[in-house]
Amino acid sequence: MSADAMPAEVIEREVQDLLDRARGDGQFSAAAWAMGSSAGMHRRGEVGTFARDDQRPIGPDAQFDLASVTKPIVGLALLRLVDRGALDLGATVGEVLEDWPQGPMARADLRSLLTHTSGAPGPTPLWRAHEGRAELLQALAELEFTAPGSWRYSSMGFIVLGLVAERVAGMSLDQLVAREITEPLGMASTGYGPVPADRAVATEDCPWRGHVVRGEVHDENAVVLGGIAGHAGLFGTADDLGLLGTALLRGELFGPGTDRAMQGADDGRPLGWWPREQCSYLGDDFGPQAFGHTGFTGTSLVIDPAADRWFVLLANRVHPSRELRGFDLVRTAFHETVGGTSP
């Protein structure tokens, strides 16, 4: 029986069974999921416990380290500034951050950074050689770019986009994200850490820090930057990300022009998100207009505007270690299970 022919309660049971099996296989200690449309939440659920050594079952208020799902949320906050005319996507980093060191990053325009086409390098462990914020940012400014114009995922570019947003808004990034995104949408459980450990789902038993990370950001570059950055640092719940998915499908955050650009209507490249062709975990039930983002810790948010639906999957797949155990297959199976549903 195809997914679109199955009742929603059957889909819910299949997802719960899938995640229960994955947890039993050691993929994570906890996972939460949700699905909905422009009408709001349709189905949701969670499985597992806060940590291997904390057997309390998680509930809807359990906070996950969103990792790189931070990027599109920061991108949305920046686009709110663009929508109000406070910023031009054609501006370069050096034009906005006049004190930024000269180099490839200074010459990159904001649109290319948002679409991962600037040539900026992918995830780079600058934290290993640069222990302070100023030192790390100087190293970031000196990174070499390659093949500008082609798609290349870059955490480094989003660190700088966060700095740009702060400069233009005249406030810290955590304050800006709260003002522009989480507070207007009622995402009360989403924000930058640290968050209370008793609500936070554990991530890695980190050799660098010498303890299990819980309630503090997992990403090491973000740690050096103080925990608040454009590429990582947000914590949140599946329900909260569902509120964001609903708002995006309703077009509540921007005027029509910015909304179309954000979804990639102009050139097929959504602003702040991965385009459909880069979302390899989506099956045939997702059309070319779908876009999404994943996070290293085991998180994802997918928006499918043509089908009026969104999907959230949050897990702590890096607990207790970041060793690859096949979570990509779980993410793919989740989207294959829910992909054929309709509002």
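The values are calculated or read from the model by the stated rules, or taken from the named source; none is laboratory data. Computed from a prediction, not measured in an experiment: that's the story for all the values here. Please note: Cβ atoms are built from the backbone with ideal geometry, for glycine as well, and neighbour counts cover all protein chains shown.
A few comments on the model shown:
- Those strands (runs of 3 or more DSSP E) lying entirely in the stretch 1-80 with at least 1 residues over 20 Å from the mean Cα position of the chain (by Cα): 40-51, 54-57
- When restricted to residues that are surrounded by fewer than 19 Cβ atoms within 10 Å (Cβ to Cβ), of a type outside the set (A, V, I, L, M, F, W, C) and touching a residue at least 40 places away in the same chain (Cβ under 8 Å), the stretch 155-170 contains 1.
- Among the residues of this structure, residue 118 counts as one that is touching a helix residue (DSSP H, G or I) at 6+ places or on another chain (Cβ under 8 Å), within 22 Å of residue 137 (Cα to Cα), without any contact (Cβ under 8 Å) to a residue 60 or more places away in the chain and small (Gly, Ala, Ser).
- Against the numbered list (1) closer than 22 Å to residue 227 by Cβ; (2) in contact with a Pro (Cβ under 8 Å, 6 or more places away or on another chain); (3) touching a residue at least 40 places away in the same chain (Cβ under 8 Å), residue 201 comes up short only at (2).
- Checked against (1) free of Cβ contacts under 8 Å to residues at least 24 places away in the same chain; (2) under 30 Å from residue 84 (Cβ atoms); (3) of a type in the set (Gly, Ala, Ser), residue 287 meets all criteria but (2).
- The residues of the stretch 52-70 that are surrounded by fewer than 22 Cβ atoms within 10 Å (Cβ to Cβ), of a type outside the set (D, E, K, R) and either in contact (Cβ under 8 Å) with a residue 60 or more places away in the chain or closer than 26 Å to residue 10 by Cα (or both), listed by number, are 57, 59, 60.
- The helices (runs of 4 or more DSSP H) located wholly in the stretch 205-304 include none with 3 or more residues which are among the small types (Gly, Ala, Ser), within 27 Å of residue 133 (Cα to Cα) and modelled with pLDDT under 95.
- Close Cβ contacts (under 6 Å, 6 or more residues apart or on different chains) running from residues in the stretch 13-32 that are over 17 Å from residue 64 (Cβ atoms) to residues that are of a type in the set (A, V, I, L, M, F, W, C) comprise 18/333; 20/47.
- Residues satisfying the stated conditions in the stretch 205-241, i.e. surrounded by fewer than 22 Cβ atoms within 10 Å (Cβ to Cβ), among the acidic types (Asp, Glu) and farther than 16 Å from residue 31 by Cβ: 205, 216, 220
- Here 83, 99, 65, 88 are screened, and the one residue that is of a type in the set (Asp, Glu) and either in contact with a strand residue (DSSP E or B) (Cβ under 8 Å, 6 or more places away or on another chain) or under 26 Å from residue 296 (Cβ atoms) (or both) is 65.
- Among the residues making up the stretch 305-343, those that are touching a Gly at 6+ places or on another chain (Cβ under 9 Å), within 27 Å of residue 261 (Cα to Cα) and in a loop (DSSP other than H, G, I, E, B) are 339, 340, 343.
- Of the residues in the stretch 73-80, none is in contact with a strand residue (DSSP E or B) (Cβ under 9 Å, 6 or more places away or on another chain), without any contact (Cβ under 8 Å) to a residue 60 or more places away in the chain and not small (Gly, Ala, Ser).
- Contact annotation: residue pairs with Cβ atoms under 6 Å, 6 or more positions apart or on different chains, pairing a residue in the stretch 263-274 that is at positive phi with a partner that is in a loop (DSSP other than H, G, I, E, B) and crowded, with 22+ Cβ neighbours inside 10 Å, are 264/270.
- The set of residues in the stretch 94-123 being more than 28 Å from residue 265 (Cβ to Cβ) and acidic (Asp, Glu) consists of 98, 99.
- In the set (1) buried (at least 23 other Cβ atoms within 10 Å of the Cβ); (2) of a type outside the set (S, T, N, Q); (3) under 14 Å from the mean Cα position of the chain (by Cα), residue 296 fails one condition alone, (1).
- Selected residue [surrounded by fewer than 24 Cβ atoms within 10 Å (Cβ to Cβ) and in contact with a strand residue (DSSP E or B) (Cβ under 7 Å, 6 or more places away or on another chain)] from 182, 190: 182
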